[in-house]
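Following this message is one structure expressed as C-alpha cells.
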Amino acid sequence: MSGAILVAALAVVCHACASPALAPPAVKTAEVASPRALPPTVEELKNATYAGLDERLGPVTLSNGRWTGAPPALGAASRPSVELADDFRVVGDLDGDGLEEAVVVLTYSSGGTGVLSFLAVVTREDGTLRNVATTVLGDRVQVRSARVEGGRLLVSAVRAGENDAACCPGDLVEWQWTIGEGRLNTPGAVRTGRLSLVTLAGTVWILRAWDITAPAGLEPVVTLSYDAGRFTGTGGCNRYFAVVEGGAMAGEVKVGPLAATRMACPEPQSSVEARFLEQLGGARTVGFMLGRLAISYTRGDGSRGTMLFNASTPPKEP
C-alpha cells in the first residue's frame, strides 16, 4: 500500500461530484455470462477511468491502480497522481435498479503535501464500466467503515476537528449518501464524538499486517480487544493483558508493562507472539485505515511501523 493511501484523512465535506461535462469515457470489459450484471471486480476497478477529481485533470485512466501525470512545471520534481485504495470495495444497489454498483476510495495528490480522498461509484452497463459519480471526502481521510444499506451509502470516518492538526484527525463522523442526477448527495457529516481508546471497544480485532507492506499470516490467530483501560487478547499461543491509557492528542496511547500466561509454545507461535508483544508494547497511536484498525508503534531502533487489524466477523445465528 502506498504512502498516499496511508496519509489519506478527512477534513472537508463536499457535495460536488463529477460534472456531466467531465464524465469519463466508457471502458469496455469482458461480457458477463449472467442474466444480471455483476458489480465491477477489484481488478477491473484498478484499470477503470474516473472523473470529478480535479477540473484541471479531466478524466484519468488508472493502470494497475495508479495514474501519474506530467509535472505541473518544467523541471518540477513532483507529479500529480491518483491511486485506488488497495482491495477496498463496497458493493450494493444505490440507484434502485436491482443491480449492484461498486464504491471505491481514490486518493489524489496534486504534487504538494495534501492528499485528498474521494468516493467513486462505478457501475457495469451492458458489459461496460462507467464511473457514474465521484465526491471528495477531504484531506487525509481515516475511513472506519463503509456499507450500502437501503439504497444509501453509509460511511464512518475520522477527520480533523477544529483544533486538530492535519496529520492527527480526531473527530468521529458519519455520512449518508444517496445517488441521483449523476452525483452523490448528502445532508452533511454528523459528528459522533472523538477518537479514543473507547472507539475500539466492543470489537475483537484480528492482526492482518505487521506493517503496511508486511502481511501477517492467517495462523496463528493474534487478537486484540479493549475494555476498561486494558488491552487483552491472544498473542498466538498465550493470553496477554496490559494497562493502556490515552494521551493529550486524539488517538495517542501509552501501553504499560505486558503480562501473559506462561504456556510453552512451539514454532511459529512462539516467534509470532514475541514479535507481536514487542510491537504492541511500542504502540504510540491508534487510528483507522480503509476499514482496518491501525496501531502505529516505535521499534527499538526508533523507526516507526503500523500494525493493521480486521474486525472479527460475528458468528451467524443458526
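Conditions (1) open to solvent by 40 Å² or more (accessible area, probe 1.4 Å); (2) under 17 Å from Phe118 (Cα atoms), marked per residue:
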{"position": "Thr49", "(1), (2)": "no, yes"}
{"position": "Leu53", "(1), (2)": "no, yes"}
{"position": "Val60", "(1), (2)": "no, yes"}
{"position": "Trp67", "(1), (2)": "yes, yes"}
{"position": "Pro71", "(1), (2)": "yes, no"}
{"position": "Val82", "(1), (2)": "no, yes"}
{"position": "Arg89", "(1), (2)": "yes, yes"}
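Taking the residues in the stretch 143-174 that are surrounded by fewer than 17 Cβ atoms within 10 Å (Cβ to Cβ) and not charged (D, E, K, R) as candidates, determine which candidate is nearest to the chain's Cα centre (by Cα).
Only one residue tops the list, namely Ser145.
State yes or no: is Arg140 within 24 Å of Asp54 (Cα to Cα), surrounded by 15 or more Cβ atoms within 10 Å (Cβ to Cβ), touching a residue at least 12 places away in the same chain (Cβ under 8 Å) and under 19 Å from the mean Cα position of the chain (by Cα)?
So Arg140 fits the description; yes.
I'm told Tyr240 meets every condition in (1) part of a strand (DSSP E or B); (2) open to solvent by 20 Å² or more (accessible area, probe 1.4 Å) except one. Can you identify the failing condition by its number?
(2)
I've got another one for you. Which ranges mark the strands (runs of 3 or more DSSP E) fully within the stretch 178-227 that have 1 or more residues being β-branched (Val, Ile, Thr) and free of Cβ contacts under 8 Å to residues at least 40 places away in the same chain?
190-194
Quick grid of which residues meet (1) of a type in the set (Gly, Ala, Ser); (2) within 28 Å of Thr203 (Cα to Cα):
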residue	(1), (2)
Ala48	yes, no
Leu53	no, no
Ala73	yes, no
Pro80	no, no
Val90	no, yes
Ser109	yes, no
Glu149	no, yes
Val155	no, yes
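Enumerate the strands (runs of 3 or more DSSP E) found wholly within the stretch 55-150, keeping only those where 1 or more residues are over 24 Å from Thr213 (Cα atoms).
Filter on the stretch 55-150 gives 90-92, 101-109, 116-125, 128-139, 142-149.
May I pose another question? If we keep just the residues of the stretch 245-266 that are within 12 Å of Arg194 (Cβ to Cβ) and part of a loop (DSSP other than H, G, I, E, B), which is least open to solvent (accessible area, probe 1.4 Å)?
Within the stretch 245-266, the match that is least open to solvent (accessible area, probe 1.4 Å) is Gly251.
Against the definition (closer than 19 Å to Ala294 by Cβ and charged (D, E, K, R)), how does Arg230 come out, yes or no?
no
Also, I was wondering about something else. Please indicate, with yes or no, whether at least one residue in the stretch 279-296 is surrounded by 14 or more Cβ atoms within 10 Å (Cβ to Cβ), at positive phi and modelled with pLDDT under 95.
Here is the first cut: in the stretch 279-296, the ones surrounded by 14 or more Cβ atoms within 10 Å (Cβ to Cβ) are 279-296.
Filter once more, keeping what is at positive phi: 290-291.
Checking which are modelled with pLDDT under 95 leaves us with 290-291.
Among the residues of the stretch 279-296, at least one is surrounded by 14 or more Cβ atoms within 10 Å (Cβ to Cβ), at positive phi and modelled with pLDDT under 95, which makes the answer yes.
I've got another one for you. State all residues of the stretch 209-243 that are polar (S, T, N, Q) and closer than 25 Å to Ala85 by Cα; if no residue qualifies, say none.
Matches in the stretch 209-243: Thr213, Thr223.
The values are calculated or read from the model by the stated rules, or taken from the named source; none is laboratory data. Just so you know, these numbers come straight off a predicted model, no measurement behind them. Using ideal geometry, Cβ is built from the backbone for each residue, glycine included, and neighbour counts are taken over all protein chains shown. To get the accessible areas, we keep the full protein, side chains included, count just its heavy atoms, and leave off ligands, DNA and RNA. Shrake-Rupley method; radii C 1.70, N 1.55, O 1.52, S 1.80 Å.
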